[in-house]
Amino acid sequence: MSKWQRRYIPSQKFVGMQVVDSKGAIVGSVKDLAISIGDKEILLIVGTKTSGDIEVPWSDVGSIEDVILLSKPAEGLSGPPAPSPPPPTTIKCNSCGATLPAHAKFCAKCGSRMK
């Protein structure tokens, strides 16, 4: 191996690598590397199944071998906020308890006005 290959790792090698937190839990896999020129900061863009893409600062990387091992648990990593739950598709009538579509203005069973 040449001296260059021992000191530097091409960014393409990181893409697709599995990322594991300090507790041994799989966080996701690397999708890309981001570099901030002004701040001289490197981030790993990690695709997860639960939180979408998260940004992992290089300072949180503990070791790189067959996987990327982080120096902290996954709970310490932040991703985009979780999407809010969709509005309910049905509502219940306060008078008779009938199940109605969420857009109903009046109860189809007893005729009460829906709030």
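The values are calculated or read from the model by the stated rules, or taken from the named source; none is laboratory data. This structure is a prediction, so every number in the text was calculated from the model and none was measured. Counting neighbours? That spans all protein chains shown, and the Cβs are built from the backbone with ideal geometry, glycine included.
Which pairs turn up if I take residues in segment 25-44 that are among the basic types (K, R) and look for partners that are outside any strand (DSSP E or B) and surrounded by 13 or more Cβ atoms within 10 Å (Cβ to Cβ) with beta carbon separation below 8 Å, at least 6 apart in sequence or on another chain?
What qualifies is K31/V15.
Given the condition surrounded by 11 or more Cβ atoms within 10 Å (Cβ to Cβ), aliphatic (A, V, I, L, M) and not in a loop (DSSP other than H, G, I, E, B), answer yes or no: does some residue in segment 98-108 qualify?
The answer is yes, given that some residue of segment 98-108 is surrounded by 11 or more Cβ atoms within 10 Å (Cβ to Cβ), aliphatic (A, V, I, L, M) and not in a loop (DSSP other than H, G, I, E, B).
Among the numbered criteria (1) surrounded by 12 or more Cβ atoms within 10 Å (Cβ to Cβ); (2) in a loop (DSSP other than H, G, I, E, B), which single criterion is violated by L69?
Of the numbered conditions (1) surrounded by 12 or more Cβ atoms within 10 Å (Cβ to Cβ); (2) in a loop (DSSP other than H, G, I, E, B), the odd one out for L69 is (2).
May I ask you to list the residues in segment 3-18 that are modelled with pLDDT under 80 and assigned to a helix (DSSP H, G or I)?
Listed by number, the residues that qualify are K3, W4, Q5, R6, R7.
Is at least one residue of segment 45-59 in the same structural domain as K13 (by TED's automatic domain parsing), surrounded by 10 or more Cβ atoms within 10 Å (Cβ to Cβ), modelled with pLDDT of 90 or more and touching a helix residue (DSSP H, G or I) at 6+ places or on another chain (Cβ under 8 Å)?
Scanning segment 45-59 turns up no residue that is in the same structural domain as K13 (by TED's automatic domain parsing), surrounded by 10 or more Cβ atoms within 10 Å (Cβ to Cβ), modelled with pLDDT of 90 or more and touching a helix residue (DSSP H, G or I) at 6+ places or on another chain (Cβ under 8 Å).
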